[in-house]
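Take this structure, written in structure tokens, and hold onto it; I'll ask about it next.
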Amino acid sequence: MIELDGLTKRFGNKVAVDQLSCRISPGMVTGFLGPNGAGKSTTMRMMLDLDNPTSGSVRIDGKHYRDLSEPLKYIGALLDAKSMHGGRSAYNNLLCLAQSNRIPESRVAEVLDTVGLTAVAKKKSKGFSLGMGQRLGIASALLGDPEILMFDEPVNGLDPEGIHWIRNLMKALAAEGRTIFVSSHLMSEMALTADHLIVIGQGRLLADTSMADFIHQNSRSYVRLRSPQQERLRDVLHAEGIVAVESGNGTLEIDGATTEALGELAARHTIVLHELSSQRASLEEAFMQMTADSVEYHAHSERGAAPPPVGPHWGDQWNRPPGSAPGAPGGSGGSGGSGGSGTGQGA
Amino acid sequence: MASVPAVLTSEWTKIRTVSSTTWTLISAFAVTVAMSAALCAVMNSQFDDLSDAERATFDPTFISFSGMILGQLAMVVFGVLVVGTEYSSGMIRTSLAAVPQRATFLFSKMLVAGVLALVVGMVTSFVSFFLGQALLGDHRIGIGEDNVLRAVFGAGLYMGLIAIFSMGVAAMLRSSMLSLGILMPFFFLVSQILSAVPGAKSVAQYFPDQAGSKIMQVVPDAMNSDPAPYGPWAGLLIMVAWVAASVFGGFLVLKKRDA
Ligand SMILES: Nc1ncnc2c1ncn2[C@@H]1O[C@H](COP(=O)(O)OP(=O)(O)OP(=O)(O)O)[C@@H](O)[C@H]1O
Ligand SMILES: [Mg+2]
């Protein structure tokens with residue numbers, strides 16, 4: 001159990017983390033979400049006592065990090081892919097860490113095997129690719145077989161196979177009863193791994209909720225219909241008092257009706273359907289709406305070109321609805337994603 | 001609390017598993033011994049060309065350490081890299097996450113690296129002394145003479161202290177490049193030049209290298225150098241004070257600042 005209590009960090013007059021209070025519980029993956037510069041990495045550094053908080057505190061099972069003896073056996077952390085001496089081999093980098101916390105040397109080979117770096121164990125780590133560096137960092141986090149694991153953007157630089165692997169690793173570790181705290185700026189990634197969600201923007205807590213609740217509250221579900229007899233279909237729906245919105249490509253979107261009811265309705269009127277599917281609005285959009293006011297580093301589009309569209313992400317199951325999200329913030333034309341969601345829909 | 005022997009073991013592994021340790025320490029040894037030997041040979045052949053004052057204060061012991069002017073620079077590099085690469089590689093965060101007690105971390109590192117530098121310094125000074133004496137011919141001195149063993153021992157100590165001083169500076173500046181950029185010109189040029197400039201002399205003789213090098217002299221004001229207002233042991237003490245200040249400064253920076 002990790003407790004943050006009024007954690008605040010100021011760099012000069014810039015407030016990077018602002019009165020952050022929350023708990024991170026064992027036995028689950030807690031996602032730590034926020035846009036660039038939200039203060040995720042700073043918070044994690046304070047948790048490891050690397051940065052001194054301006055005020056507030058972090059307790060790990062009631063203790064301050066500095067009072068842990070052999071902390072690698074309590075908490076393993078991956079902060080940065082670049083946090084090892086490049087002139088030293090992967091094996092020796094891990095060996096130094098193991099020795100400082102009296103972890104048996106046999107663990108070094110074990111964790112190198114776990115992350116798939118056995119073949120390059122004796123190679124100098126400066127030649128490692130970003131993904132290999134990330135794996136080495138994960139190996140160092142696992143070294144002490146700790147009850148708490150903290151990963152700062154672990155998927156950064158990993159290939160799809162690696163992403164899949166780290167996702168399963170985190171779930172497996174959580175299933176063993178460990179505390180997993182993982183940061184990301186991708187909601188879609190969190191939707192696949194996290195059980196609980198802590199969202200921050202400009203250092204402030206925006207949401208502290210279970211993943212299920214977040215999905216429940218933030219995803220609009222609707223049914224998509226496509227039919228060669230669209231005119232008849234619309235008439236039938238209209239007669240039943242069902243509101244259908246046309247969304248281009250000859251598809252209709254219907255809120256608040258089940259696929260079963262609509263399928264039976266079409267069958268009763270012998271209307272041919274080419275598509276009948278239930279859809280969900282992208283959680284990414286919900287996340288962006290939540291943090292829209294606190295995004296600091298907007299992408300500014302050049303010469304009136306549309307801002308880059310969001311996605312596609314690996315989390316295909318969270319299909320974005322055609323057209324812009326309901327209630328998408330109107331004013332902020334530059335805000336990276338929400339403005340772009342409509343234009344990105346082309347193909 | 002972290003176990004100190006465990007941290008010492010870890011720091012020893014860090015030092016022995018990077019190549020910079022080997023090449024800096026071998027350079028410190030080789031450069032000092034080679035340059036000292038060359039100067040001893042030159043002195044031997046040109047002894048008669050020396051001025052009367054130089055002949056009167058001829059110090060065969062001190063001459064056999066003359067290569068340290070260059071060799072100490074390799075010790076500076078060793079000391080700076082031991083601490084500085086923690087910062088340049090980003091390793092410092094990993095290291096402090098493993099050993100959050102910053103005093104334990106820094107002093108263990110300095111202890112391990114300092115002892116190693118001291119051992120290499122001692123070997124260097126003894127080899128340098130005996131080789132130098134062998135090349136000095138009739139002008140040589142034996143290790144059993146008054147104060148000679150003190151000077152040879154002191155020369156080894158000097159090398160070790162230079163390395164520890166550099167570690168402190170690197171811990172204060174948190175950068176290898178910056179530390180080397182300041183220390184190398186300082187020890188090689190600034191200190192040497194200022195000690196020859198009439199007005200600056202009186203200040204320069206309190207610099208760590210100037211004060212510390214007095215321990216290597218057996219003849220007072222060796223080779224007609226300027227008389228210092230302190231003896232060899234007081235000179236060494238001045239150097240130790242510099243080293244202590246640099247180590248303490250490094251510790252304060254590590255303790256206070258975000259990693
Ligand atoms: N050492 C520092 N000195 C000054 N400002 C800093 C420092 N570290 C972080 N900041 C500022 O604090 C804010 C939070 O940064 P942080 O790196 O914690 O964000 P983040 O959420 O990890 O972002 P990202 O998703 O890009 O990794 C940023 O505005 C950053 O500029
Ligand atoms: Mg970050």
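The values are calculated or read from the model by the stated rules, or taken from the named source; none is laboratory data. This is a predicted model, so every value here is computed, not measured. Quick reminder, even Gly has a Cβ in these numbers, built from the backbone with ideal geometry, and neighbours come from all protein chains shown. Remember, those area values only see protein heavy atoms, side chains included, never the ligands or the DNA or RNA. Shrake-Rupley method; radii C 1.70, N 1.55, O 1.52, S 1.80 Å.
Residue-by-condition table, conditions (1) out of contact with any strand residue (DSSP E or B) (no Cβ under 7 Å at 6 or more places or on another chain); (2) of a type outside the set (Val, Ile, Thr):
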{"position": "A:16", "(1), (2)": "no, yes"}
{"position": "A:29", "(1), (2)": "no, no"}
{"position": "A:53", "(1), (2)": "no, yes"}
{"position": "A:61", "(1), (2)": "yes, yes"}
{"position": "A:107", "(1), (2)": "yes, yes"}
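Does residue B:167 satisfy the condition of being in a helix (DSSP H, G or I) and open to solvent by 40 Å² or more (accessible area, probe 1.4 Å)?
For residue B:167, the condition - in a helix (DSSP H, G or I) and open to solvent by 40 Å² or more (accessible area, probe 1.4 Å) - is not met.
Output the residue which, of all residues in segment B:1-38 that are farther than 30 Å from residue A:104 by Cβ and in contact (Cβ under 8 Å) with a residue 60 or more places away in the chain, is surrounded by the fewest Cβ atoms within 10 Å (Cβ to Cβ).
Checked segment B:1-38; the qualifying residue surrounded by the fewest Cβ atoms within 10 Å (Cβ to Cβ) is B:37.
How many residues does segment A:167-193 contain that are more than 16 Å from ligand 1 (Cβ to nearest atom) and in contact with a helix residue (DSSP H, G or I) (Cβ under 7 Å, 6 or more places away or on another chain)?
7
Here's something else I'd like to know. Restricting to segment A:152-184, and then to whatever is in a helix (DSSP H, G or I) and of a type in the set (A, V, I, L, M), can you tell me which residue is farthest from residue A:79 (Cα to Cα)?
A:175
Okay, moving on. Taking into account only those residues within segment A:19-71 that are among the acidic types (Asp, Glu), touching a residue at least 24 places away in the same chain (Cβ under 8 Å) and more than 16 Å from ligand 2 (Cβ to nearest atom), which is nearest to residue A:293 (Cα to Cα)?
Residue satisfying both the conditions and the ranking: A:61.
Here's something else I'd like to know. Residues B:123, B:148, B:82: which one is within 14 Å of chain A (Cβ to nearest Cβ) and either over 29 Å from residue B:252 (Cβ atoms) or in contact (Cβ under 8 Å) with a residue 40 or more places away in the chain (or both)?
B:82
One line per residue, one yes/no per condition, for (1) within 16 Å of ligand 1 (Cβ to nearest atom); (2) open to solvent by 70 Å² or more (accessible area, probe 1.4 Å); (3) over 19 Å from residue A:153 (Cα atoms):
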position	(1), (2), (3)
A:197	yes, no, no
A:209	no, no, yes
A:219	no, no, yes
A:269	no, no, yes
A:272	no, yes, yes
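Search segment A:143-154 for residues that are among the aliphatic types (A, V, I, L, M) and pair each with any residue that is away from ligand 2 (no atom under 16 Å from the Cβ) and in a loop (DSSP other than H, G, I, E, B) when their beta-carbon atoms are under 7 Å apart and the residues are at least 6 apart or on different chains.
From residues that are among the aliphatic types (A, V, I, L, M), the pairs are A:143/A:103; A:148/A:74; A:148/A:178; A:149/A:178.
I've got another one for you. Return the residues of segment A:92-111 that are without any contact (Cβ under 8 Å) to a residue 40 or more places away in the chain and either facing another protein chain (nearest Cβ under 7 Å) or touching a Leu at 6+ places or on another chain (Cβ under 7 Å) (or both); say none if nothing qualifies.
A:92, A:95, A:96, A:99, A:100, A:102, A:105, A:107, A:108, A:111
Name the residues in segment A:1-21 that are assigned to a strand (DSSP E or B) and more than 15 Å from ligand 1 (Cβ to nearest atom), would you?
Across segment A:1-21, the qualifying residues are A:2, A:3, A:5, A:6, A:21.
Counting just the residues of segment B:125-151 that are hydrophobic (A, V, I, L, M, F, W, C) and assigned to a loop (DSSP other than H, G, I, E, B), which one comes out surrounded by the fewest Cβ atoms within 10 Å (Cβ to Cβ)?
Applying the filter and picking the extreme gives B:143.
Look through segment A:23-81, keep the residues that are closer than 17 Å to residue A:179 by Cβ and of a type in the set (Val, Ile, Thr), and return whichever of them is nearest to the other protein chains (Cβ to nearest Cβ).
A:75
Pairs please, first residue from segment B:126-139 and within 9 Å of residue B:40 (Cβ to Cβ), second anywhere and open to solvent by 60 Å² or more (accessible area, probe 1.4 Å), Cβ atoms under 6 Å, 6+ apart in sequence or on different chains.
B:133/B:140
Right, another one. Test each condition in (1) under 27 Å from residue B:224 (Cβ atoms); (2) touching a residue at least 12 places away in the same chain (Cβ under 8 Å) for residue B:52 and report the one that comes out false.
Unmet for residue B:52, out of (1) under 27 Å from residue B:224 (Cβ atoms); (2) touching a residue at least 12 places away in the same chain (Cβ under 8 Å): (2).
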